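What follows is a single structure, and I will ask about it in a moment.
Values in this text are rule-based calculations from the coordinates and carry no lab data. Since this is a predicted model, take the numbers as computed values, not measurements. All Cβ positions, glycine included, derive from the backbone under ideal geometry; neighbour counts span all protein chains shown.
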Amino acid sequence: MRFTDLNPHGGIGANCCLCESNGFRFAIDSGLHPKFAGSESLPKHGEIERNSLDFIVLTHCHLDHLGSLPLLSRQNPDAPVFLTYGSSVLSRRMLSNSISVMKRQRRELNIPELPLYGRGDLSSLYSRMKPLSSESPLTIEKEGRSLELTLNHAGHVAGAASLTIKSKEERSFFTGDLLFNDQRTLAGAKPPLEPVDVLVTETTRGATARDPSRQRENEVVDLIATIGKTIRKGGSALIPVFALGRMQEMLVTLEEAFRRKAIPKVPVFCSGLGMDLVNHFHEISKNSKTLRFSRKVLKLIGARPLPRKLQPGRELPMQGIYLVSSGMMVEHTPSYILASSMLGNDRNSILFVGYCDPSTPGGALLTTQPGQDFEFEAIQWREKVRARIRQFDLSGHADREELLRLAEKLCPKTIILHHGDPAARSWFEESLQDSEARIIDPEPLKTYEI
């Protein structure tokens, strides 16, 4: 097998791997780096000779894995794109939204090359998509050679898959983004445990040790209790969420809490892409054994659109729970504007339920002490931190110890560290030193013979 990481920045970002096995050439994922815009956000597709891929695999629909797939597919028009049914549904809405975001970035950042692709590219991509059933092997043949690929349910988010590649010579397993825990809307991963020759593992949480007292279900209970306290003292709760997965998970969590009377009944305000995806989740759930979701949840919790004409720094027009994107409170998003109105009131709470990059406003707010000023630079507003600020560990990624146990069970001869910042990869490299496997922390754009 040959392996090349085409993410030029390394770490987590424009995910795209070029692989060769038993005479077949294929790519896994093709994303956009969220910290960059324009061509700087892309994987190095130029390392792939035009129309040289036999196939492409999409593991899931977060844009750091999906966002540049129309470009890669355009350059490889004969390559089918294998993905799950769930991802075939969600990718359409996610990519359509990506074009809208790039058009806005063109105006705001003055990047003439945006958008990087258009609606015609999306139509061509969709015609090449070949949904596969999870756990059902597909055999591909070429020039007397064969390769068997299987998509395995990965947890993480609706439609997410790990990948097993098998030939006569070797067996490889790519974890993709993996979560073993069951969520309220999605079953956890149960990867195949047959020994492999090559393991390509995500390392996202390598630098993050989980406090034993903060197991996922304990975090959910703590979140609900915090929302309840906030509402009972007359405040409002802002929950910044990622549109894909976390929004739908929180809708079901709130419905359950209202039903148990763990939270006083108040309006729930929702907005953004996450609400559009509700119908897609409903459709997938009807045809999936792993996703549990119904759009009836919106009626059950009395979901409402955001009040009109929200003004930065001005008191909210109504008490309630505000479930809006972006999850990292990025500039100009509803969560950013709402935070500017809520931060100065000690009855309110701003509750993060996912990862916040330190360079984002959400990451900065989490490190700001109570009583200090916080600058909303994009809207030229400053506010003292009086609201309660909390972060709950509801990551969509497996804990590092869980991934180590998986590696032990698979007994790989080679382990490739992937999808993790340098500190996260270093922890895995050190922790796997006693393993008999060859450990590779790949340099971007360098090809490894395995």
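Quick check: residue separation of Glu135 and Asn51 times 0.36 nm, minus the Cα distance between them. What number comes out in nm?
27.4 nm
Also: Any idea what angle helix 273-286 forms with the longest principal axis of the chain, computed on alpha-carbon atoms, 0 to 90 degrees, nearest 10?
Result, in degrees: 60.
Follow-up question, since we're still on this one. Considering only Asn15, Asn218, Asn181, give the residue with the highest GNM mean-square fluctuation for the chain, with springs between Cα atoms whenever their separation is below 10 Å.
In this elastic network of the chain, the residue with the biggest mean-square fluctuation among Asn15, Asn218, Asn181 is Asn218.
What is the calculated FRET efficiency for Glu401 to Glu194, with r their C-beta to C-beta distance and R₀ = 22 Å, to the nearest 0.05?
With a Förster radius of 22 Å, E is 0.55.
Still on this structure, I have one more. Rounding to the nearest 10 and keeping the result within 0 to 90°, find how far the Cα-based axis of helix 422-431 lies from the longest principal axis of the chain.
Once rounded, one gets 60 degrees.
On to the next question. Measure nothing fancy, just the Cα-based angle from helix 246-259's long axis to the longest principal axis of the chain, in degrees from 0 to 90, nearest 10.
That works out to roughly 50 degrees.
Please name which of His156, Ser96, Ser134 has its Cα lying farthest along the dipole of region 82-174 towards the positive end, using unit charges on Cβ (Lys, Arg +1; Asp, Glu -1) and the Cα centre as origin.
Comparing the listed Cα positions along the dipole, Ser96 ranks first.
Roughly how many debye, to the nearest 20, is the charge dipole of the chain about its Cα centre, given +1 on each Lys and Arg Cβ, -1 on each Asp and Glu Cβ, and no other charges?
Around 2440 debye, computed over the chain.
Treat the count of other C-beta atoms within 10 Å as a stand-in for reagent exposure and order Arg425, Arg50, Arg184 from fewest to most.
Neighbour counts put them in this order, fewest first: Arg50, Arg184, Arg425.
Take the alpha-carbon positions of region 374-439, form their convex hull, and give its projected area averaged over all directions (one quarter of the hull surface) in nm².
7.1 nm²
Report the antiparallel proportion of the DSSP beta bridges in the chain as a percent, rounded to a multiple of 5.
45 percent
Could you please rank Val81, Val297, placing first whichever residue has the fewest other Cβ atoms within 10 Å of its Cβ?
Ranking Val81, Val297 by Cβ neighbours within 10 Å, fewest first, gives Val297, Val81.
Work out how far the C-alpha atoms of region 171-219 reach from end to end along every principal axis, then list the three figures in whole Å, largest first.
That works out to 38, 27, 15 Å along the principal axes.
Where does each of Asp177, Asp64, Asp421 land when they are ranked from fewest to most other beta-carbon atoms within 10 angstrom?
Ranked by crowding around the Cβ, least crowded first: Asp421, Asp64, Asp177.
Let me ask you something else. What full-extension length gain, to one decimal in nm, is calculated for Ser124 and Asp421 as 0.36 nm per residue of separation minus the Cα-Cα distance?
Value of the extension gain: 103.5 nm.
Set the Förster distance to 51 Å, then compute FRET efficiency between Ser435 and Asn110 from the Cβ-Cβ distance, nearest 0.05.
0.55
Another question, if that's okay. Work out how far the C-alpha atoms of the chain reach from end to end along every principal axis, then list the three figures in whole Å, largest first.
That gives 70, 49, 41 Å along the principal axes, largest extent first.
Also, I was wondering about something else. Cβ neighbours within 10 Å, averaged per peptide: list 242-248, 290-296 in order, most packed at the top.
Ranked from most to least packed, the peptides come out as 242-248, 290-296.
Okay, moving on. For the chain, set up a Gaussian network in which alpha carbons nearer than 10 Å are linked by springs, and say which option among Asp399, Asp373, Asp434 fluctuates the most.
Asp434
Given the C-alpha atoms of region 297-450, compute the convex hull and give its volume per residue in Å³.
Dividing the Cα hull volume of region 297-450 by its residue count gives 175 Å³.
What translational diffusion coefficient, in µm²/s and rounded to a whole number, does the Stokes-Einstein relation yield for region 212-391 at 25 °C and a viscosity of 0.890 mPa s, taking the hydrodynamic radius as the Kirkwood radius over Cα pairs?
Approximately 148 µm²/s, per Stokes-Einstein.
Given the pairs Lys233/Lys286; Lys265/Lys309; Lys286/Lys409, which are separated by over 29 angstrom at their Cα positions?
Lys233/Lys286; Lys286/Lys409
How big is D for region 108-217, in µm² s⁻¹ as a whole number, if Stokes-Einstein is applied with the Kirkwood radius of its Cα pairs at 20 °C and 1.002 mPa s?
124 µm²/s
Please report the Cα spread of region 240-315 along all three principal axes, rounded to whole Å, starting with the longest.
Over region 240-315, Cα extents along the principal axes are 45, 28, 18 Å.
A follow-up question, please. Between Glu143 and Arg259, what length comes free when the chain is fully extended (0.36 nm per residue of separation minus the Cα-Cα distance, one decimal in nm)?
Gain on stretching Glu143 to Arg259: 35.8 nm.
Based solely on its DSSP helices, what 222 nm [θ] is calculated for the chain when runs of n ≥ 4 H residues each add -39,500 (n - 2.57) and the sum is averaged over all residues, nearest 500 deg cm²/dmol?
-9000 deg cm²/dmol
So, one more: Under 20 Å between alpha carbons, and skipping anything fewer than 8 positions from Lys296 in its own chain: which aspartates and glutamates qualify?
List returned: Glu249, Glu255, Glu256, Asp276, Glu283.
Also, I was wondering about something else. Using a 10 Å cut-off on Cβ atoms, rank the peptides 70-78, 82-90 from the highest mean neighbour count down.
Taking the mean over residues of other Cβ atoms within 10 Å, the ranking is 82-90, 70-78.
Of Ser294, Val241, Pro361, which is farthest on the positive side of the dipole of region 212-391, counting Cα position, with +1 on Lys and Arg Cβ, -1 on Asp and Glu Cβ, and the Cα centre as origin?
Farthest towards the positive pole: Ser294.
Could you tell me which of Leu66, Phe376, Leu343 has its Cα farthest along the dipole of the chain towards the positive end, charges placed at Cβ (Lys, Arg +1; Asp, Glu -1), taken about the Cα centre?
Result: Leu343.
Pick out which of Ala158, Ala398, Ala262 has the largest mean-square fluctuation in a Gaussian network model of the chain, springs linking Cα atoms closer than 10 Å.
Ala262
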